[in-house]
Each structure stands twice: as C-alpha cells, then as structure tokens.
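Report on the following structure.
Each value in this text was obtained by applying a stated rule to the coordinates, not by laboratory testing. Keep in mind that this is a model prediction, so the values were computed, not measured. A quick note on method: Cβ atoms are made from the backbone with ideal geometry, for glycine too, and the neighbour counts reach across all protein chains shown.
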Amino acid sequence: MFVKNLSLQHYRNYEELKLEAFGSVNLLLGNNAQGKTNLLEAILMLALTKSHRTSKDKELISFQADAAVLAALIERKYGAVNLELKLSSQGKKARLNGLEQRKLSDFVGTLNVVMFAPEDLEIVKGTPGIRRRFLDMEIGQVMPSYLFHLQQYQKVLVQRNNLLKSAFQAGQEALVMLEVWNEQLAEHGVKIIKRRKQFIRKLQRWAADIHLGITNGSENLELTYLPSFGDADEEDEAVLLQQFMIKLSQLKDQEIRRGMTLAGPHRDDIAFHINGKEAQVFGSQGQQRTTALSLKLAEIELIHQEIGEYPVLLLDDVLSELDPYRQTQLIETFQSKVQTFITATGMESINAAKLKDASIFHVQSGQ
Ligand code: ATP
Ligand code: MG
C-alpha cells in the first residue's frame, strides 16, 4: 500500500501541514526537535489510532488547540481510501471515505504500518509487559478480533482480581463467582494465547532469515514463546482451555492469598536467543538493536502474507546506527516493494547510494 498524501491540523508542532508527492523511499531531514518523529507518529496514528510514544491523546494535540485532525489518502490494491482521524477531549472520531466509523476497530487495519523507533530496543531489553504490548499491537493490526478478545480478557481480569482481593472475607459465595470468572477468563485467554503462538511461530521464520542477512550470516536469531502454563507449541483451543482451567484450579489457594490472577496471557513473555545465548542478558547493545530491527522487518513479510499487501515502513533514527553495508542491506531488502519513510538529521549520516535518490523533505519548526 502507498501513502499518497498527508495533511495535519494542530497535531503536535504542526499547525497546518499538507504534503504530497511522496515517493517509494522518503527521507525526512531536519535538526533535532523540528517534527520528524511527529510526522512518522502521525502516519502511525492513522494506522493504529494509537501512538508509540504516549497513551494520552491530549499530548498529541498542539499546545494551543482543542482538537487535532489527521488525514491521508491511501492507495490499496482494491482502491483508494481516505482516512481521517480527529482527536479532541471528547475522544477519537475516525472516518473512512467520509463515513464515520462506529468502532475504531473498524478503522484500524485500513492502513498498515511497521515502525521502528529507538524505543523498540526495549522489546528486547525491557520488561515482559513491553513484549506483550508489542505482540498485542502487531497482532491487533492484522486481526481486529484479537483486540476484541484482549479487551474482554482485560475486563474479566480486573473483575476477577477484585473478587480475589475480597475472597478472604467473602468466603464460600465468592468461590462460586470465581468459577464463573474462570470460564470467561479462559474463553478469551485461549484465543489470545493461540494467536500469539501462531504469530511468534511465523515471525520466527522471517526474523531468523532477515537477521542472518543483516549480520552477514554470523548471527542465528531464535524466538521462543514463554507461556504461563502448558507448552509453547500447543495451539489447539480445546486443549489450551482445559490446561488453563486446570492451572487456575491448581493456583486457587495461592491466588486468594495474593489477591491476583497468576496465570494467563497477561503473564506471558518472549525470549530471544542469538547463537544460543539469551539476547536480553548477553547481547551487546548493537545485537539487541539488530534483533529488534529484524523483528520489525519480519513483520513486513508477515503482514504481506496475512493481507496480500506490503505495509508502509517507518524508520525513525535508524540510519545513523547502521554502517553503509547495513544501510544498503536494509534498503535493498524492501526497496521496490515497500513504501518507506526514514528520518535523519542530515545527509552526512546517509551512506547508501540508493538513499540519495529518495524523495527528500526538509523538516523545520513544524513545516
Ligand atoms: P529529534 O531529531 O530530536 O528526534 P524530531 O524532529 O524527531 O527531533 P519531534 O519529536 O518530531 O522532533 O518533535 C519534537 C517537537 O515537537 C518538540 O519541540 C516538542 O516541543 C514539540 N511538541 C510535542 N508535542 C507537542 C504539542 N502537543 N504541541 C506542540 N508542540 C509539541
Ligand atoms: Mg525524533
């Protein structure tokens, strides 16, 4: 798919912006704090309705304004689509070809993007919660029903935790209610677990290949799903459901004592190994960064496989970290297939000859 144009009103430091004439590879050049990342973030917002930097939409609206409007024309295989997203204190409103969407989940997925930003290093280095968020964002993008189960699961989890906190006093009655929550927790939980396992299994294949390419054949990358119960390869829903229920009954006393739910997808994790060694513990900064990059690039292939079209690639501050060989590798891997937006502070950091033919946009003070 292809972003044909983009317009922003009162978005971050952009008061009024209209951009067109995007090419296949687009370089956004400018000094620090001029609005390069803000521009990539705006494209991401139109894809996911969520920012990678904040969960508070208020921060996205220009300091002096009450509402922000983002719009873009996207070319897809099946035709062109106008996307519009309005952010205000009343929440988010999304339109497709002028038609307001009742649910944001109907809007998400019209534009698909893969973004790589400096924060993504945390997918490898950071807490399990960050890795789960990565899984949720990426799977949700290609599979809206996943987001539905995730929302339901989180609702049930909150209620079940409240019940567990009060179960000490409430006694027998609470235990009957617990059974009801167990069923609902497991029902949505296994859908999430199954999708995550499928996703990681497919991602692993692409990521390993890409990682070998970027590291000139020297690094073997392996991804493993670490579920809170059962074994990582089990994908049969009925089996998972049974295992989940058994695990919950085993944990019952402990859960009541601690007042929280101790098994389920909210406690899953992923492990990364490079040449057999855990990347989180033993990986150098560069290896961890390359691991995160390989994951993101693998997603491009995965989305293509899933929806039959390549997503748009957003690369924030990545080039300066890569040597000329890796820059060239990166661009050549996707050049003719994937529309790419890349930020950099200046042409000095650009070594790959191919990049010198890109469409260049100079970003200065929100213009
Ligand atoms: P760097 O090279 O340092 O990454 P950048 O060009 O990517 O810089 P951005 O992060 O896109 O910079 O933009 C940062 C600028 O946007 C900051 O000056 C910040 O004050 C401004 N900014 C952020 N949020 C808002 C907002 N809600 N309203 C107005 N300006 C904002
Ligand atoms: Mg930036």
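Under the classification rounded if a/c is under 1.5, otherwise prolate if a/b is larger than b/c and oblate if not, where does the range 125-305 fall, given a ≥ b ≥ c as square roots of the Cα gyration tensor eigenvalues? In terms of gyration-tensor shape, prolate. The translational diffusion coefficient of the chain, from Stokes-Einstein at 25 °C and 0.890 mPa s with a Kirkwood hydrodynamic radius over alpha carbon pairs, comes to 111 µm²/s. Between Gly259, Gly140, Gly283, the GNM of the chain built on Cα springs shorter than 10 angstrom shows Gly259 fluctuating the most.
I want the local charge near Ile123. Using Cβ-Cβ distances under 13 Å, sum +1 for each Lys or Arg and -1 for each Asp or Glu among the other residues.
That sum, taken over residues with Cβ under 13 Å, equals -1.
Neighbours of Val114, meaning other residues whose beta-carbon lies under 9 angstrom from its beta-carbon, give a summed charge of -1 when Lys and Arg score +1 and Asp and Glu score -1.
Per-residue ellipticity at 222 nm from helix content only, as computed over the chain with -39500 (n - 2.57) for each DSSP H run of at least four residues, stands at -15000 deg cm²/dmol.
What dipole magnitude, in Debye to the nearest 20, does the chain give about its Cα centre under +1 on Lys/Arg Cβ and -1 on Asp/Glu Cβ? The partial results should precede the final answer.
Values: 43 positive and 45 negative charges, 129 e Å.
Approximately 620 debye in magnitude.
Among Gln152, Gln90, Gln280, the largest mean-square fluctuation in a Gaussian network model of the chain, built with springs joining Cα atoms closer than 10 Å, belongs to Gln90. The protection proxy used here, the mean number of other Cβ atoms lying within 10 Å of each residue, ranks peptides 91-97, 189-195 as follows, highest first: 189-195, 91-97.
Taking other C-beta atoms within 10 Å as the exposure proxy, Ile246, Ile307 rank Ile246, Ile307 from fewest upward. For the residues Glu348, Glu138, Glu100, a GNM of the chain with alpha-carbon springs under 10 Å puts the largest fluctuation on Glu348.
Going through the DSSP H helices of the chain, which span 27 Å or more along their own axis at the Cα atoms while scoring at least -1.0 as a mean Kyte-Doolittle hydropathy?
Numbers: long enough: 144-170 (40 Å, -0.34); 172-214 (59 Å, -0.27); 237-258 (29 Å, -0.33); 285-307 (33 Å, -0.28).
Counting only whole DSSP H runs, the qualifying helices are 144-170, 172-214, 237-258, 285-307.
Taking a spot 7 Å from the Cα of Ser55 along the direction of its beta carbon, which residues of the range 92-123 have an amide N less than 17 Å from it? So the set is 92, 123. Within the shell of other residues whose beta carbon sits under 15 angstrom from the beta carbon of Ile300, the net charge comes to -4, with Lys and Arg scored +1 and Asp and Glu -1.
Converting phi to 3J(HN,Hα) with the Karplus coefficients 6.51, -1.76 and 1.60 and the offset θ = phi - 60°, the range 76-89 yields 10, 4, 7, x, 8, 10, 8, 9, 9, 10, 10, 10, 8, 5 Hz in sequence order, with x at every glycine or proline.
Residues whose amide H comes within less than 5 Å of that of Val312, counting only those at least five positions distant or on another chain, are Asn112, Val113, Val114 (H built at 1.01 Å from N in the peptide plane).
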